[in-house]
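Engineer: Provided herewith is a single structure, encoded as structure tokens, for subsequent inquiry.
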Amino acid sequence: MDLSNVPSLISPVVSEFLSRRHKHYIGGEWVDSVSGKTTTVEDPATGLTLATVAEGDAADVDLAVAAARKAFESGPWPSMNPIERGKLITRLAMRIEELADELAEIEAIDGGKPLAFARHGDMTQVYATYHYMAGWASKLNGEQIQVTSGGDVLAYTLRQPVGVAGLILPWNFPQVLLSYKLAPALATGCTVVIKPAEQTPLSSIRLAEIIEEVGFPPGVVNIVTGFGDTAGAAIAAHPDVDKIAFTGSTEVGKIVARAATGTMKRLTLELGGKSPVIVFPDADMEKTIPGIAGAGFYHQGQVCTAGTRIYAHKSVHDRLLEGLAEQGAAWKAGHPLQPGTTLGPLISDEQLQRVSHYIDEGRKSGASVVSGGKRIGNAGYFVEPTILANTDHTMSVVREEIFGPVICAMSFDDDDLDQIARSANDTPYGLAASIWTSNLSVAHKMANRIKAGNVWINSHSAFDSALPFGGAKQSGLGRECGFEAIRAYTELKSVSAAL
């Protein structure tokens, strides 16, 4: 894998952006950290420094929250006509669409995602979400209620913005998951403080520049870059933040939830997953094999909904694994900006060590490596797409979220849907699942039995801005996207008037 030509692949506009000294965006101004600290961001494909950004902490969060509170209470934002607010969000969506190539390049080089995936997967979904949510700005309706107590009473509900929202992002899909949070927050009239992941802050900084260019009032959107245990923790515990939306691991999500409940903040948590993939004997293997390969290997398996637990009928198990091994071998490792790359690096050396440890643990527990299992090269943090067979529920590779391109395969030999569902549900997670079959009756019966927030039939990771997304069990609280996201950023007020 030759990475020598990487510098020449970076476009002049992105090169110029990377060379800047990146600051926080607070109250419509670009400011250094109160402490003066900075931190560096690296390219996970090479390990080289990409940029320097401000390192924020509690003092910077205090300033950002104060700016957001002022904008929510007394700026032009709360009195803005809802249609005008929607038009402003639409202008943001259109500008993101115009700059999608640039934003995708930043996302690719910062997070290790192949450029084609960042451009045609992530960015397409990002601007679609802002376009979709812009329409809700003028539709925050309550309803008239017919009370049961009798008498001359006019009763109705009002749906109002919850207030200042803290948006804490992960490193795997920075702009997609920011759009899931920021778009409904803006549509409902909230103001926000955003904390990008320390590994991937660059596209959020660029988005703040676009937000400023489009003309959002000062303080409506604020961004503090820094680390989770300082800046992120300060947002979660801040007494003047009304709402927290967090995406990340279940372990960190529990910490965020404990901090947020100190002031009874409203919570949306999208957390970890260990998604089952159920393959029945009548599945169309020409579609199933590449579909499941994508479910497990897309973005190097660093996807909360990644399909990493396969339950395949014994009649198709071997054929499926052979096909997946062929698919995995065909994924081309390279720098995300190199043409043809489909397999980028893991986000960090820490993540590489984590994934390698799980593969070793799988071997020691008796799993057989069908394909992959090794690091690729010495530069960057690349690992082969890996398939483990002969796995079972006693193994850590089956029980725990690996967050790498590692698929664990198991088989079943009967048609007892309840038993298959019990195996698939034998996990503390409940984010997603997919079912592969030509029998739609079986598909819908199984979808009803699976305990997950998202179930896909003959596809995996089928997202849409209008479709609610979130997890059951320890995979989270609440939903993003669709009208459920609007609910998450509003409070419902009941009004009763004696006439």
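Engineer: Could you check segment 20-48 and list, in sequence order, the residues that are among the polar types (S, T, N, Q) and at pLDDT 95 or above?
Structural biologist: Those that are among the polar types (S, T, N, Q) and at pLDDT 95 or above: 33, 35, 38, 39, 40.
Engineer: Take segment 48-101 and flag every residue that is buried (at least 17 other Cβ atoms within 10 Å of the Cβ), acidic (Asp, Glu) and within 20 Å of residue 18 (Cβ to Cβ).
Structural biologist: Residue satisfying the conditions is 55 alone.
Engineer: Kindly provide the set of residues from segment 306-342 that are open to solvent by less than 20 Å² (accessible area, probe 1.4 Å) and in contact with a Leu (Cβ under 6 Å, 6 or more places away or on another chain), ordered by number.
Structural biologist: 312, 335, 336, 337
Engineer: Follow-up. Which members of segment 210-235 meet the condition of being more than 18 Å from the chain's Cα centre (by Cα) and either open to solvent by less than 10 Å² (accessible area, probe 1.4 Å) or without any contact (Cβ under 8 Å) to a residue 12 or more places away in the chain (or both)?
Structural biologist: The answer is 210, 211, 219, 220, 221, 222, 224, 226, 229, 231, 235.
Engineer: What pairs come up if the first residue lies in segment 460-480 and is part of a loop (DSSP other than H, G, I, E, B) and of a type in the set (D, E, K, R), the second is open to solvent by less than 40 Å² (accessible area, probe 1.4 Å) and at pLDDT 95 or above, and their beta carbons are under 6 Å apart, counting only those six or more places apart or on different chains?
Structural biologist: The qualifying pairs are 479/470.
Engineer: Okay, next question. Which pairs do you get when a residue that is free of Cβ contacts under 8 Å to residues at least 12 places away in the same chain, found in segment 322-345, comes within reach of a residue that is polar (S, T, N, Q) and buried (at least 21 other Cβ atoms within 10 Å of the Cβ), reach meaning Cβ atoms under 7 angstrom, with the pair 6+ apart or on two chains?
Structural biologist: Pairs found: 332/341.
Engineer: Let me ask something additional. Condition test on residue 186, is it modelled with pLDDT of 95 or more, surrounded by 24 or more Cβ atoms within 10 Å (Cβ to Cβ) and over 18 Å from residue 165 (Cβ atoms)?
Structural biologist: Answer is no for this residue.
Engineer: I would also like to ask the following. Give the residue that is farthest from residue 491 (Cα to Cα), with candidates limited to residues of segment 125-141 that are open to solvent by 40 Å² or more (accessible area, probe 1.4 Å) and more than 18 Å from the chain's Cα centre (by Cα).
Structural biologist: My answer is 131.
Engineer: When the residues of segment 359-393 are filtered to those that are part of a strand (DSSP E or B) and farther than 14 Å from residue 297 by Cβ, which remaining residue is least open to solvent (accessible area, probe 1.4 Å)? Step through it out loud before you land on a result.
Structural biologist: Pass one, segment 359-393, residues part of a strand (DSSP E or B): 368-371, 375-376, 382-383, 386-389.
Next, only the ones that are farther than 14 Å from residue 297 by Cβ stay: 368-369, 375, 389.
Working: 368: 42, 369: 50, 375: 103, 389: 8 Å².
Top of the filtered list is 389.
Engineer: Go through the residues of segment 261-275 one by one and say whether even a single one is open to solvent by 10 Å² or more (accessible area, probe 1.4 Å) and without any contact (Cβ under 8 Å) to a residue 24 or more places away in the chain.
Structural biologist: Yes: segment 261-275 contains one or more residues that are open to solvent by 10 Å² or more (accessible area, probe 1.4 Å) and without any contact (Cβ under 8 Å) to a residue 24 or more places away in the chain.
Engineer: As an exercise: evaluate residue 484 against (1) under 21 Å from residue 286 (Cα atoms); (2) open to solvent by 10 Å² or more (accessible area, probe 1.4 Å); (3) not polar (S, T, N, Q); (4) not in a strand (DSSP E or B) and give the number of the one condition it does not meet.
Structural biologist: (1)
Engineer: Please work out if residue 351 is part of a loop (DSSP other than H, G, I, E, B) and crowded, with 19+ Cβ neighbours inside 10 Å. Steps first, answer last, please.
Structural biologist: Details: part of a loop (DSSP other than H, G, I, E, B): no; crowded, with 19+ Cβ neighbours inside 10 Å: yes.
Taking the combined requirement at face value, the residue does not satisfy it.
Engineer: Exactly one of these conditions fails for residue 430: (1) buried (at least 21 other Cβ atoms within 10 Å of the Cβ); (2) at pLDDT below 95. Give me its number.
Structural biologist: Going through (1) buried (at least 21 other Cβ atoms within 10 Å of the Cβ); (2) at pLDDT below 95 one by one, residue 430 breaks only (2).
Engineer: Please go through (1) part of a loop (DSSP other than H, G, I, E, B); (2) at pLDDT 95 or above; (3) surrounded by 23 or more Cβ atoms within 10 Å (Cβ to Cβ) for residue 438 and return the number of the only condition it doesn't satisfy.
Structural biologist: Answer for residue 438: the failing condition is (3).
The values are calculated or read from the model by the stated rules, or taken from the named source; none is laboratory data. The model shown is predicted, which means the values in this text are computed figures rather than measured ones. A quick note on method: Cβ atoms are made from the backbone with ideal geometry, for glycine too, and the neighbour counts reach across all protein chains shown. In case anyone asks, the SASA skips ligands and DNA or RNA and just uses the protein heavy atoms, side chains included. Shrake-Rupley method; radii C 1.70, N 1.55, O 1.52, S 1.80 Å.
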